[in-house]
Every structure is written in C-alpha cells, then in structure tokens.
Amino acid sequence: MGLINMIEVRGLVKTFPARGGLLSQKAVQAVKGVSFTIPDAGAVAFIGESGCGKTTIGRILTGLETYDSGEIYYNGQNLTSLTPRERQERLRKIQLIQQDPYAALNPARTIYQTLMAPLTWEAKRQQKNRDWMERRAREVLELVGLNPDVVLGKYPHMLSGGQRQRVVIARALTVQPDVLVADEAVSMIDVSLRLGILTLLQALRRDYGIALLFITHDIAAARYIGHDGRVYVIYQGEIVEQAATDELIQSPVHPYTQALLSAIPVLRGLEQPGPDRHIPLGEFALAEGNGCRFAPRCRFAEQRCRDEKPPEVAWQHEEHRHTCHYPTPRRVVPEPLEAKS
Amino acid sequence: MIAEQLPQTPLVRPHRQSFLHIAWRVISARPSRILGLVIIVFFALMAIVGPLLYPHNLPINPNAIYAPPSLRYPLGTDFEGTSNLALIVTGARYVLFAALMAALFTVFFGTTIGLVSGYFLGPADTILMRITDFILTIPGFPLLVVLSTVWNFGQPIAMGFVLGITGWGGLARAVRSQTLSLRERGFIEAARGLGLPWWQIVFWEILPNMGPYIAMNLLVSITGGIYAEVGLFYLGVVPFHVNNWGVMLNLAVFTGGAMQSPQALPYLLSPLVCILLLTLGVVLFLDAMDEMFNPRLREG
Amino acid sequence: MSLHDPVPAPEDAGIQIRNLTVSYDTDRGRFHALNDVTLDIRPRHITGFIGESGSGKTTLAMAMMNAIHNPGRIDGGSVLLEGAGDVLRLKGEELRRLHGRYFGFVFQASSNSLNPLKRIGAQLMDLGRSHGVTDLRALLREAKTLAERMGMDGDRVLTSYQHELSGGMRQRVGIIFALVLKARVIILDEPTTALDMLSQQAVLEIVRTIHQERGLTTVIITHDMGVVAEMADRVVVLYAGRVVEEGPTQSVLRHPRHPYTRGLIHAIPRITGNLHDVEPLQGTPPDLATIPTIGCVFRERCPIRAPICDTVAPTPTSAHGDGIVTCHGVDQHD
C-alpha cells in the first residue's frame with residue numbers, strides 16, 4: 001500500500017434543508033464532522049445502517065453533492081479552495097459505483113453508446129482518435145470480464161444484474177479513475193454472482209492501483225475486498241470506531257460495531273455464533289441531548305453516556321480509535337467450527 | 001495506467017439492427033399499423049408529387065358545375081366545374097406541409113424548453129415556466145384570427161410557425177415533469193460524475209428516454225395542426241391565396257350551400273373525408289410508436 | 001374469540017407437494033418454471049427455499065397457495081394441505097377463504113403491497129373485513145401487540161402511512177399483516193433483501209420467535225444462504241424449476257451433495273477464516289428459455305459434469321437421512 005494519502009478528509013459536514021413529512025420536520029445533519037483518509041491504492045470501508053450518512057459521504061466525494069464545511073485534500077491539494085468547476089474536474093477521477101445496476105444504466109442507450117459518451121471527452125482531452133475510443137471501449141469491457149462482441153450492441157435490459165454492474169464498473173474505468181466509491185455495489189445482485197464482482201474490484205485495486213472506498217452494511221464483503229484496509233463504522237453521521245479491518249472484526253470495542261457484527265448471519269453447521277453476540281431489536285431512535293448518540297439503543301449505556309458526549313480516543317494503539325465511554329472488546333462474529341468433514 | 005497498453009484487437013463495430021429494420025418489424029406486426037402507414041404514405045405522396053400532376057391553373061368546365069361523381073370527375077366538380085379530385089390533390093401540399101411545420105415547431109420548442117427547464121431548475125426553470133404559462137394562457141385560435149388580419153398566410157411555413165408557437169406550452173410542461181423524474185435516476189448522476197457536459201446529458205441521455213412520448217406527440221400535433229388550419233380557412237378569417245382543403249370546405253358551405261343543396265355535397269365531402277381518413281391513418285399508426293422508439297420493448 | 005373463522009385451521013399445517021409442474025407463456029414460447037416438484041413442507045418447521053433468480057422459488061411458493069396467475073399455469077400435480085385437501089382443486093370464494101385462514105404471505109418489498117393512501121390501521125381493518133372478522137377492535141389490539149413485540153411503537157405504526165416508516169419497519173408491518181389473521185402457514189418472499197444487516201437480523205429474530213411461539217409452518221424464500229443458515233430447519237435448493245437438494249439445513253451446509261449447493265455455499269465471503277476458501281459460482285443464473293430440456297439442467301455450470309449428464313436427467317436419490325439430492329455425480333463425490 002502506498003504511503004501517501006491520496007484523499008484526506010477533515011471535519012466534513014453536510015446538512016440537508018428541512019423537508020415536510022412527519023419524520024423530518026427539521027433540517028437533518030447527515031454528516032457531522034467526519035474525518036478519514038484513503039491511501040493510494042488503499043481499501044477503505046464505511047459500514048453502518050441505512051440512513052447513517054455513509055452514502056452522503058460517497059456522493060460528496062464523487063462530486064454529486066456539495067458539503068457545508070470541512071476540507072477535502074486530493075493528492076495534497078485542498079479542493080475546498082478551488083472553484084466548483086475545477087473541483088468537479090478533479091473529482092472526475094473519483095467514480096461512484098451505484099447500488100442499483102438497473103437504474104445506473106440508461107435504458108435507452110446501448111452499452112456501446114453508454115461507453116462512448118465519456119470516452120468522447122477522454123479522447124478530446126488526450127487528443128486521441130475514434131479508433132482509440134473503440135479499442136478502449138472493448139478494453140474496459142474485457143477488464144471487467146465481459147465479451148465486447150456480445151455486450152456492445154445490447155441494451156441494458158438484455159443483461160443480467162451482475163453483467164450490468166460490470167458494465168457500470170467498465171464505464172467508470174473509461175476515465176481512468178484513482179478511486180472507485182462502491183456504494184452497496186453488490187447488495188442488489190444475486191448472492192451467487194456477488195463474489196465475481198467483489199473479485200473484480202479486488203483485481204482492479206491489485207493490478208491497477210485503483211483505491212476503493214467500499215460503502216456497505218456487509219462487512220464480510222468489505223473484508224473480502226480489503227482485508228489489509230481500514231474500516232470506519234458510522235453511526236448517525238459520525239465515525240464511532242475505526243481500525244484495520246481484521247482488528248475491527250476480531251475485537252470491536254464500540255457496542256454499535258458489536259451490534260453490526262452480531263448481525264452477520266451464522267452458517268450453522270459450519271460456524272457457531274460468537275459468545276457475545278447480541279442483536280438489538282429496536283428501530284433506531286434519534287438521540288436527543290448532548291450524550292452519546294448510540295446511548296438510547298445501547299444495552300451497556302450508563303448515566304454518563306446520556307449526559308456526556310464521548311470524545312474520540314485510541315484503543316491500545318493509535319490506529320484503532322473509538323468514541324465510547326466504556327470500551328470493551330467482545331467476540332461477536334461467527335467462528336468456524338473445527339471439524340469439516 | 002490502464003490506457004497505455006492497448007491490445008491490438010481487431011475492431012468490430014457492434015452489430016445493431018438499423019432503425020428501419022426495427023420499424024418495419026414493429027409495423028408489420030399488426031395489419032392496422034400497416035394500414036395506418038399506407039394511408040399516411042399515400043397522403044404524403046399526394047402532397048409531394050400531387051401539384052406536379054396538374055397544370056398550375058386547373059381547367060374549368062362551365063358545362064359541369066357541381067357535377068356529380070363520374071368517370072371523368074371521380075369526386076365531382078366545384079362551382080367552376082373544376083375536378084374535386086384535382087383540387088384535393090393539389091390542395092394537400094399546403095395543408096400537410098403547414099401541419100407538419102406546426103408539429104415540428106411544437107415538438108421542438110416544447111421539448112427543448114421542457115428539457116432545459118426540468119434539468120437546470122432554479123432561475124432558468126422559473127423564467128421558462130413563466131413563459132410557458134403565458135403561452136398556455138394565449139388562446140391560440142383567436143390569436144390566429146387576429147394575426148391573419150396583418151399577416152399573409154400564403155406560405156404554409158408561416159401558418160405552421162404561428163400554429164406551433166402557440167401550441168408548445170402543454171408539451172413543455174409534460175416534458176419538464178418527465179425530465180424532473182429522469183434527472184434523479186442513477187444513470188444521469190453517473191453521467192454527471194463522468195463529467196459529461198450538460199447538453200450531452202440533456203439531449204443524449206435524457207431525451208432518448210422520452211422518444212416514444214415525443215414521437216406520439218409529433219403525430220398528434222400534425223392532426224391538431226390540420227384541424228386548426230382547416231378551421232381557419234373554413235371560417236374564412238384567413239385570406240385565400242392558394243387552393244387547399246380548408247378553402248374547399250369554406251366555398252362548399254358558404255358559396256355552394258352544401259348544407260342545403262345536395263349538389264355541392266361531393267365538393268364538401270371530399271376534403272372532409274380526406275381529413276378523417278388521414279386522422280384515422282395517424283391514429284392507427286400511433287400504436288406502433290411506443291414499440292419503435294422504446295428500446296426496452298426490443299428483443300435481445 | 002371472534003377473530004377466528006368458524007372452522008379454524010388445524011394446528012399442524014403440513015403441505016405435501018406432488019409432481020407439481022408450472023409453466024409460463026411468454027412471447028418466446030411456453031416454459032416450465034417448475035418441473036415435477038415433489039416435496040414435503042413439514043409443520044412446525046422453518047423451510048428455506050434457496051436459489052438464484054429464475055430458479056422458480058417464488059413460483060413454487062405461489063403454486064403452493066394456488067395463486068399462479070396469467071401468463072402462468074399449473075399444468076399438473078397436487079398440493080395437499082393438512083385439513084384442506086388438494087389446494088389446486090379449490091377456486092373462487094373457497095380458495096380465498098382458505099388463503100385467509102391458512103396462509104400469510106409477506107412480499108419481497110412490503111412497501112409495494114401497502115396502500116400509500118391509507119393508514120396502516122385502516123388497511124388492517126380492510127383486511128379483517130374482507131375475511132369476515134367481526135371483532136375489528138381485537139384485530140387492531142392483536143396488531144398493536146405484534147408491533148410492540150417487534151420493537152416498534154404500536155400506536156404510531158397503526159396511525160402511520162407507509163411512507164412514514166423505514167424499510168425495516170415496513171417489512172415488519174408486512175409480517176404483522178401476515179400474522180393477524182392467525183395464519184398457520186407463513187411464507188416470506190425475500191423478507192430481508194432490501195434491508196441492512198441489523199434490520200435483517202431483527203426481522204429474522206421476530207420471525208423465529210413468533211414461529212416457535214405459534215407453532216407455525218414457515219417458508220422463507222431467499223437467495224442468501226446466510227439467511228437460510230440462520231433460520232431454516234430444512235433447506236430446499238432449487239435450480240431452474242427443479243429441486244436439486246433437500247434436507248436438514250445443518251447437514252446440507254456441512255455436507256452439500258449437489259455441486260450447485262456446494263457452489264452456493266462456497267460463494268459467500270465469510271467474516272473470519274481464510275479468504276481464499278471462497279470461489280465464485282461459474283456461469284449465469286438459469287434462463288427459462290435456454291435451459292436444456294434433456295439431461296441435467298445444471299450441467300453447463302457443473303464442475304463435475306459427466307457424459308451421462310447430457311442425455312439423462314438425474315432422479316432424486318436419498319441423502320442427508322431424510323432428504324434428497326438430484327445429481328448423477330453424488331456417489332463418487334462423498
């Protein structure tokens with residue numbers, strides 16, 4: 001893994017203006033001062049429930065959403081100081097892979113047309129001709145494991161979910177991205193085909209040094225793509241725990257991380273549940289007051305948790321950080337059974 | 001990075017079925033569509049080559065005024081003894097060309113303004129929608145009546161322009177609302193993320209998704225245009241410079257007294273039946289539009 | 001208890017499916033979505049139907065309720081429901097009454113099956129009325145209790161519109177709808193696909209608890225082996241409209257006999273253990289139009305394909321004690 005941090009984000013804040021409806025009558029602060037880094041060719045995962053703000057961060061990074069405050073450094077350059085146009089130009093190298101491969105491809109355009117649209121502009125920038133564009137279109141399709149002769153002339157509705165997601169990745173590759181932001185990129189794909197997409201992302205990172213930001217609730221998938229990477233656990237717009245992937249899985253100290261990890265299905269017969277596994281049944285309630293945001297759902301919460309907001313501190317070493325008053329490592333993930341015959 | 005090692009694979013352009021090929025398959029799927037197409041092509045040919053078949057000044061025959069249909073005059077004659085068939089054939093060009101122009105103007109303005117308004121939102125949207133509301137409140141037909149007093153409608157393009165310019169409001173509204181829903185879709189966000197310019201997103205990514213809707217609107221606008229102009233001529237509010245179907249209707253009713261005397265009936269009915277027939281053709285053909293322009297309905 | 005119909009369903013509602021064949025009429029021809037399926041759904045068990053898209057798992061569940069609609073058609077076979085006889089012979093009002101009395105169906109995306117213009121409570125009362133429940137108050141009370149059991153605020157849920165609820169809550173509401181009429185057979189179609197891990201586990205936990213408490217017959221349709229492994233007592237592996245393996249979940253997971261089952265299990269990235277143990281399943285999910293009509297339907301994707309697979313369709317053989325497996329290669333591979 002490279003030593004330089006390709007992307008460094010500090011104190012990112014995003015507030016969505018108030019909207020009608022019973023649930024959201026006041027402005028929603030979706031991201032509350034989030035800081036993280038993505039190393040060159042690194043793998044970073046954001047995990048958390050739906051609505052925790054992880055998707056918003058991905059959309060900000062890919063230029064689809066603005067942010068209210070905070071700094072984004074990209075290869076050492078502060079994007080906040082750039083004009084919106086220049087910022088957009090830089091952020092083009094960070095490409096989003098959306099969750100829904102059915103919505104991400106234009107139903108009225110063939111795969112050929114879909115790939116040619118961005119390639120036309122790439123060709124203009126690099127002063128290449130049409131031949132180059134066509135070769136490049138075929139090349140990116142081959143990179144994602146599709147046969148160009150079969151796919152190019154087709155419309156998206158003629159492809160399966162897995163094939164579509166591969167086309168989406170191919171399209172992102174046309175601009176030679178530095179970072180791919182995969183937002184639940186496999187959750188709508190048949191489980192049997194998911195691994196193929198994950199392996200592809202893994203290969204792109206290994207062979208072409210494309211860094212991955214993997215936004216997901218499926219921690220096992222995040223681990224598969226980047227077990228040497230880093231996981232950030234996000235709860236209601238804040239990072240509550242961060243550590244190297246395997247360390248976070250083996251010894252999570254924040255009760256929220258433990259709840260998320262407990263939720264991983266156990267393959268009974270092959271695995272046994274972790275001894276401390278516990279799944280909270282309640283739906284998430286927005287915390288009020290100044291205390292820990294997770295306190296209302298936390299089964300270990302004490303009075304201090306409700307009164308006082310826990311600061312971010314290190315656990316055992318600098319790389320493993322959390323925001324919990326009473327950090328306790330617990331074993332919650334499924335453990336493989338011994339005999340496998 | 002990746003781009004530098006290009007494998008020298010032979011270039012094969014993707015095989016795509018041509019539009020004509022698809023169109024024919026769609027149309028031939030139902031006899032009604034073929035009938036619609038035949039009717040439309042028939043009238044289009046009439047408009048294009050019709051005037052060439054007859055002398056500029058159609059011969060008159062004082063011995064056969066308001067003659068009933070016969071071998072010589074298949075559709076009868078008018079007040080001067082001119083063949084109604086010749087009048088229909090030579091009059092088709094003005095009517096159809098003006099209606100086509102009207103439809104093209106309607107679709108062009110309606111689609112462009114709706115797309116731009118719906119994609120950009122903000123101030124551009126506000127201004128464009130105010131203009132659209134203004135256009136929607138203009139009563140098109142009375143405006144034409146007023147305009148005709150100062151404007152010479154001898155050229156069909158002028159007529160088409162005026163009909164189009166007053167008629168695009170509704171389409172603009174509809175296109176805008178479709179754009180609003182399409183711009184939130186994943187593929188539009190992806191296009192923005194890829195740094196595509198706005199006009200490419202609007203016209204190459206969003207517009208094709210409305211293909212069927214716009215094509216149908218074009219056809220419907222043509223029939224609308226025919227009704228409007230024929231109506232104008234029928235009422236006699238537009239000066240007659242050239243022969244056309246509307247003029248025929250007017251003369252048949254007000255000069256020939258076709259409402260009272262059966263003599264002038266062939267003179268009245270021939271343009272009327274043509275209009276009905278053309279409308280029927282359009283309606284029958286309309287059904288094919290969705291499949292022709294909607295790639296989702298195409299097979300693998 | 002006026003909640004019940006005059007004749008309550010028997011406690012143990014097992015289902016025996018025999019030689020069930022269902023076909024769909026498409027513009028490319030008529031295809032078998034289910035082919036000669038024979039299966040026992042045991043009472044008081046959770047049965048998982050697992051397979052990729054196009055495997056026929058949802059069709060099987062719908063056929064069990066005789067709820068296949070055009071362009072689908074049940075071509076043959078029987079579905080014997082304890083206490084009700086052959087479901088496939090019923091129609092009209094009789095069938096509707098049976099559905100209300102026996103079956104609770106939770107749709108894939110419950111939000112799509114809820115009326116966006118009516119409050120949840122009002123929809124519950126509609127449901128009660130349409131099935132002849134006289135004491136609507138008791139029905140609402142029951143729904144409220146269920147909602148609270150599921151970690152929701154009962155009053156709030158009943159007075160909400162569906163758009164005011166989160167995805168996890170809607171899914172729970174779907175389960176409440178399936179349970180209030182005291183159904184004996186609960187069928188959940190991909191109950192957790194759109195949910196995140198925590199909501200998924202919460203929903204599964206609720207299903208498990210209520211299943212045990214009421215002694216239900218539960219069927220979970222899913223493409224996620226994890227869900228089956230967590231929940232099901234027995235698993236039915238479907239491929240291209242055929243049952244390729246069936247048996248007790250733990251045994252199937254530990255010793256999968258069919259190469260397809262093995263592939264499914266190996267394709268799941270795990271949270272612990274060696275990352276290199278997983279491998280993707282080859283090929284693409286079955287397409288009804290292109291699956292072979294002679295020989296084994298799985299052979300194109302099969303790692304242990306033999307010449308016999310091209311010509312002879314494998315027949316079910318006994319496996320996992322009281323289960324079955326449908327593969328020519330089972331003997332040399334265990």
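The values are calculated or read from the model by the stated rules, or taken from the named source; none is laboratory data. Quantities reported herein were computed from a predicted structural model and do not represent experimental measurements. Note that we place each Cβ from the backbone using ideal geometry, even for glycine, and neighbour counts take in every protein chain shown.
Do the conditions hold for A:Glu86, that is, is it of a type in the set (D, E, K, R) and under 22 Å from A:Val186 (Cβ atoms)?
It is false that A:Glu86 is of a type in the set (D, E, K, R) and under 22 Å from A:Val186 (Cβ atoms).
Might you check whether a residue that is basic (Lys, Arg), touching a residue at least 60 places away in the same chain (Cβ under 8 Å) and within 14 Å of chain A (Cβ to nearest Cβ) occurs anywhere in region C:142-158?
Yes: region C:142-158 contains one or more residues that are basic (Lys, Arg), touching a residue at least 60 places away in the same chain (Cβ under 8 Å) and within 14 Å of chain A (Cβ to nearest Cβ).
Do we have B:Gly81 as small (Gly, Ala, Ser), out of contact with any Phe, Trp or Tyr (no Cβ under 7 Å at 6 or more places or on another chain), at pLDDT below 80 and surrounded by fewer than 20 Cβ atoms within 10 Å (Cβ to Cβ) here?
Yes: the conditions hold for B:Gly81.
Given the structure, is C:Ile324 assigned to a strand (DSSP E or B) and crowded, with 18+ Cβ neighbours inside 10 Å?
Against the criterion (assigned to a strand (DSSP E or B) and crowded, with 18+ Cβ neighbours inside 10 Å), C:Ile324 qualifies.
Sort out which residues of region C:86-127 are in a loop (DSSP other than H, G, I, E, B) and touching a helix residue (DSSP H, G or I) at 6+ places or on another chain (Cβ under 9 Å), and write them in order of number.
Hits for region C:86-127 are C:Leu90, C:Phe107, C:Gln108, C:Ala109, C:Leu114, C:Asn115, C:Pro116, C:Lys118, C:Arg119.
Condition check ((1) closer than 30 Å to A:Gln98 by Cβ; (2) surrounded by fewer than 17 Cβ atoms within 10 Å (Cβ to Cβ)) across all residues:
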residue	(1), (2)
B:Leu144	no, no
B:Asn152	no, yes
B:Ser177	yes, yes
B:Glu205	yes, no
B:Asn250	no, no
B:Met259	no, yes
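A:Ser50 versus (1) modelled with pLDDT of 90 or more; (2) touching a His at 6+ places or on another chain (Cβ under 9 Å): which is the lone unmet condition?
Only one criterion in (1) modelled with pLDDT of 90 or more; (2) touching a His at 6+ places or on another chain (Cβ under 9 Å) is unmet by A:Ser50, namely (1).
A:Glu319 is checked against (1) exposed (fewer than 15 other Cβ atoms within 10 Å of the Cβ); (2) in a loop (DSSP other than H, G, I, E, B) and fails just one. What number does that condition carry?
(2)
Go through C:Gly167, C:Gly151 for me and flag whichever is over 18 Å from the mean Cα position of the chain (by Cα), of a type in the set (Gly, Ala, Ser), on the phi > 0 side of the Ramachandran plot and surrounded by fewer than 20 Cβ atoms within 10 Å (Cβ to Cβ).
Being over 18 Å from the mean Cα position of the chain (by Cα), of a type in the set (Gly, Ala, Ser), on the phi > 0 side of the Ramachandran plot and surrounded by fewer than 20 Cβ atoms within 10 Å (Cβ to Cβ) holds for just one of C:Gly167, C:Gly151, which is C:Gly151.
Of all residues being without any contact (Cβ under 8 Å) to a residue 12 or more places away in the chain and either buried (at least 20 other Cβ atoms within 10 Å of the Cβ) or hydrophobic (A, V, I, L, M, F, W, C) (or both) in region A:109-122, which is nearest to A:Ser187 (Cα to Cα)? Just the residue, please.
Looking at the filtered set, the residue picked out is A:Ala117.
Quick check on C:Val228: is it touching a residue at least 40 places away in the same chain (Cβ under 8 Å), crowded, with 20+ Cβ neighbours inside 10 Å and more than 10 Å from chain A (Cβ to nearest Cβ)?
no
Take region B:270-294 and flag every residue that is assigned to a helix (DSSP H, G or I) and either of a type in the set (S, T, N, Q) or free of Cβ contacts under 8 Å to residues at least 60 places away in the same chain (or both).
Result: B:Ser270, B:Leu272, B:Val273, B:Ile275, B:Leu276, B:Thr279.
Which one is nearest to C:Val237 (Cα to Cα) among residues in region C:277-303 that are without any contact (Cβ under 8 Å) to a residue 24 or more places away in the chain and aliphatic (A, V, I, L, M)?
The extreme case among them is C:Leu281.
Scan region C:176-199 for residues that are within 14 Å of chain A (Cβ to nearest Cβ) and at pLDDT below 85 and report the count.
Summing the residues that are within 14 Å of chain A (Cβ to nearest Cβ) and at pLDDT below 85 in region C:176-199 gives 9.
For C:Thr311, state whether it is touching a Lys or Arg at 6+ places or on another chain (Cβ under 7 Å), more than 14 Å from every other protein chain (Cβ to nearest Cβ) and among the polar types (S, T, N, Q).
The answer is no for C:Thr311.
Here is a list: C:Leu264, C:Leu281. Which entry is within 12 Å of chain A (Cβ to nearest Cβ), under 28 Å from the mean Cα position of the chain (by Cα), within 23 Å of C:Gly54 (Cβ to Cβ) and assigned to a helix (DSSP H, G or I)?
Sole residue among the options that is within 12 Å of chain A (Cβ to nearest Cβ), under 28 Å from the mean Cα position of the chain (by Cα), within 23 Å of C:Gly54 (Cβ to Cβ) and assigned to a helix (DSSP H, G or I): C:Leu264.
From C:Leu139, C:Leu114, grab the single residue that is among the hydrophobic types (A, V, I, L, M, F, W, C) and at pLDDT 85 or above.
Just one listed residue meets the conditions, C:Leu139.
Pick from C:Gly72, C:Gly76, C:Gly83: which is surrounded by fewer than 20 Cβ atoms within 10 Å (Cβ to Cβ), touching a Pro at 6+ places or on another chain (Cβ under 9 Å) and touching a residue at least 40 places away in the same chain (Cβ under 8 Å)?
After applying the criteria, what remains is C:Gly83.
Hey, any hits in region A:294-314 for a residue that's more than 14 Å from chain C (Cβ to nearest Cβ), under 19 Å from the mean Cα position of the chain (by Cα) and buried (at least 20 other Cβ atoms within 10 Å of the Cβ)?
The answer is no, given that none of the residues of region A:294-314 is more than 14 Å from chain C (Cβ to nearest Cβ), under 19 Å from the mean Cα position of the chain (by Cα) and buried (at least 20 other Cβ atoms within 10 Å of the Cβ).
Starting from region B:21-42, take each residue that is more than 16 Å from B:Phe293 (Cα to Cα) and list its partners that are in a helix (DSSP H, G or I) and of a type in the set (Gly, Ala, Ser), counting only C-beta distances under 7 angstrom and pairs at least six apart or across chains.
Between residues of region B:21-42 that are more than 16 Å from B:Phe293 (Cα to Cα) and residues that are in a helix (DSSP H, G or I) and of a type in the set (Gly, Ala, Ser), the close pairs are B:Ile34/B:Ser28; B:Gly36/B:Gly281; B:Ile39/B:Gly281; B:Ile40/B:Gly281.
So which residues in region C:226-245 are under 27 Å from A:Gly51 (Cα atoms) and either in a strand (DSSP E or B) or under 13 Å from the mean Cα position of the chain (by Cα) (or both), if there are any at all?
C:Val227, C:Val228, C:Met231
Can you report the number of residues in region A:65-107 which are without any contact (Cβ under 8 Å) to a residue 40 or more places away in the chain, under 19 Å from A:Ala172 (Cα atoms) and surrounded by 14 or more Cβ atoms within 10 Å (Cβ to Cβ)?
Final tally of qualifying residues: 5.
Just wondering, is there one or more residues in region B:196-205 that are touching an Asp or Glu at 6+ places or on another chain (Cβ under 9 Å), within 8 Å of another protein chain (Cβ to nearest Cβ) and not in a helix (DSSP H, G or I)?
Yes, region B:196-205 contains a residue that is touching an Asp or Glu at 6+ places or on another chain (Cβ under 9 Å), within 8 Å of another protein chain (Cβ to nearest Cβ) and not in a helix (DSSP H, G or I).
Counting just the residues of region C:243-255 that are more than 10 Å from chain A (Cβ to nearest Cβ) and out of contact with any Cys (no Cβ under 9 Å at 6 or more places or on another chain), which one comes out farthest from C:Ala202 (Cα to Cα)?
C:Val243
Filter region A:98-121 down to residues that are more than 7 Å from chain B (Cβ to nearest Cβ) and either on the phi > 0 side of the Ramachandran plot or modelled with pLDDT of 90 or more (or both), then give me how many there are.
Total meeting the criteria: 7.
Among (1) touching a residue at least 40 places away in the same chain (Cβ under 8 Å); (2) assigned to a loop (DSSP other than H, G, I, E, B), where does C:Ala306 come up short?
The one condition C:Ala306 does not meet is (1).
Sort out which residues of region A:214-253 are among the acidic types (Asp, Glu) and out of contact with any Cys (no Cβ under 8 Å at 6 or more places or on another chain), and write them in order of number.
A:Asp218, A:Asp228, A:Glu238, A:Asp246, A:Glu247
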